[in-house]
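Quick notes on the structure that follows.
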Amino acid sequence: MVEELWGGIRMQYSAGQFQLSTDSMVLADFCTLPPRSAVCDLGCGCGSLSLLLCGKYPQAQLTGIELQEEAAAFAQENAVQNGLSDRLRILCGDLREHRTLLPHSSFDAVVSNPPYYPAGSGSVSDSPALAAARTELFCTLDDLCACAAWLLRSGGRFFVVHKPERLAELICALSRRRLEPKRLRLVRHQAGGPVSLVLLEARLDGRPGLQFDPDLCLYDASGAESADFRRIYHQEA
C-alpha cells in the first residue's frame, strides 16, 4: 500500500499493520520547529511521522528508532524510495537502551506517537506488530520520557500525542524527567464532541507555564470536514 504525504513524499506500508494514522497527521501538524532542526522519532514504525516532518521541514535531519524489524525495514525503504537517505536514518533498536543507541543531548526535538494502553489492560491484538504498537509491552510512559530527556539538548522540545485519559500520567512522567509541559491542544472528532487525543509539547529544563491552543476539531457539527482537516489532510490554505 502507498500513501501520498506532504511535499510529494510517498509512504509504503503493510496493509492493516503500519498504515498512516490520524494521530501521526495531527502530531506532525502540531510540531513547530526551527528549519534545520535535528529531530528523533521514538517508535517510528514504518516512518510516517518522520516522513511527514521531512515534507514539512525540508532542511531538518530526522532519526527514527524502531524496535520491530519489519517496521524498521519499511521505514528504511521509505527513506530510500523518497531520496531521503541523507536526511532520514532509521535505527532498529530498543529505546529503553537509549544510552547506547545515540549520544546524550544530541537533538533539538524529539517526537513520538507511542503505545497508548498499559500492558495487561483490555484485549491485545493477535498481531504482534499491532500489539506492540498499541500496548506498552516494550515501552512505558516513563521509558519514553527518559529516552526523550537523554536525547534532548537543554531547552529542546518533546512533542507527543496520547489519549486524554492518560494525560495526568503523561504530565507526571514528563515532570520526573525535567520535561516541562509548555503547550497543549485537544483533538475532537467533531465540534462539541468528546476529546479523542491530546497533543502536548514539553521542554527540557523549561520554565513553568502551560499554554492551551484552540481545540482541533476534524469535522464540524454537520459532519463535514473542518478547515483544519482540509489544511492538514489536503494541504488547503
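The values are calculated or read from the model by the stated rules, or taken from the named source; none is laboratory data. Predicted model only: the values in this text are computed from it and were never measured. Don't worry about glycine lacking a Cβ; one is built from the backbone with ideal geometry, like all the others, and counts go over all protein chains shown.
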(request) Inspect all residues belonging to region 39-48 and state whether any of them is of a type in the set (A, V, I, L, M) and out of contact with any Ser or Thr (no Cβ under 9 Å at 6 or more places or on another chain). (result) no
(request) Look at E66 and say whether it is under 20 Å from C139 (Cβ atoms) and without any contact (Cβ under 8 Å) to a residue 40 or more places away in the chain. (result) yes
(request) Search region 181-193 for residues that are among the small types (G, A, S) and pair each with any residue that is buried (at least 18 other Cβ atoms within 10 Å of the Cβ) and at pLDDT 95 or above when their beta-carbon atoms are under 6 Å apart and the residues are at least 6 apart or on different chains. (result) A191/C217
(request) Name the one entry in L137, L204 that is closer than 19 Å to R99 by Cα and either modelled with pLDDT of 95 or more or not basic (K, R) (or both). (result) L204
(request) State whether one or more residues within region 170-180 are within 19 Å of S106 (Cβ to Cβ), at pLDDT 95 or above, part of a strand (DSSP E or B) and not basic (K, R). (result) yes
